[in-house]
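Presented below is the structure to which this report refers.
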Ligand SMILES: [Cu+2]
């Protein structure tokens, strides 16, 4: 292999490595949203709207001594986590931008908007 060819290959490998690094250095996050006193909470504070990024995951964690059943009928992300008791959590990953309305099938007063950017 000529010196020029070796340089060329090294250059290509460098470009690919840089591209992979750029792709994987954007880390998806996991956001914990608790269910507490029939409200949605983040870090102990009641939230009615949160903003996350494409690829992020919300971990819905039941902190009440009774069941919740979190669901969304939104076009962005339709899901139904089923009933789950205190201490248990379930995750939903949001893979495209938009807005999802999140509710609880057991407690109609529970409502939260998830904006995905
Ligand atoms: Cu509930």
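The table below gives the values:
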| read-out | value |
| --- | --- |
| Some residue of region 41-50 being more than 15 Å from residue 92 (Cβ to Cβ) and within 12 Å of the ligand (Cβ to nearest atom) | no |
| Members of region 73-113 that are under 14 Å from residue 57 (Cβ atoms) and within 16 Å of the ligand (Cβ to nearest atom) | 79, 81, 89, 90, 92, 102 |
| Sole exception among (1) more than 13 Å from the ligand (Cβ to nearest atom); (2) crowded, with 17+ Cβ neighbours inside 10 Å for residue 34, by number | (1) |
| Top-ranked residue in region 46-81 [being part of a loop (DSSP other than H, G, I, E, B) and in contact (Cβ under 8 Å) with a residue 60 or more places away in the chain; ranked as surrounded by the most Cβ atoms within 10 Å (Cβ to Cβ)] | 56 |
| Test for residue 54: is it within 16 Å of the ligand (Cβ to nearest atom), at pLDDT 95 or above and within 17 Å of residue 117 (Cα to Cα) | no |
| Close pairs from region 98-117: first farther than 20 Å from residue 65 by Cα, partner within 9 Å of the ligand (Cβ to nearest atom), Cβ under 7 Å, at least 6 apart | 102/70 |
| Members of region 82-100 that are over 14 Å from the mean Cα position of the chain (by Cα) and assigned to a strand (DSSP E or B) | 82, 83, 84 |
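The values are calculated or read from the model by the stated rules, or taken from the named source; none is laboratory data. The structure presented is a predicted model; accordingly, all values stated were derived computationally and were not measured. When we count neighbours, we look across all protein chains shown, and the Cβ atoms used for this are built from the backbone with ideal geometry, even at glycine.
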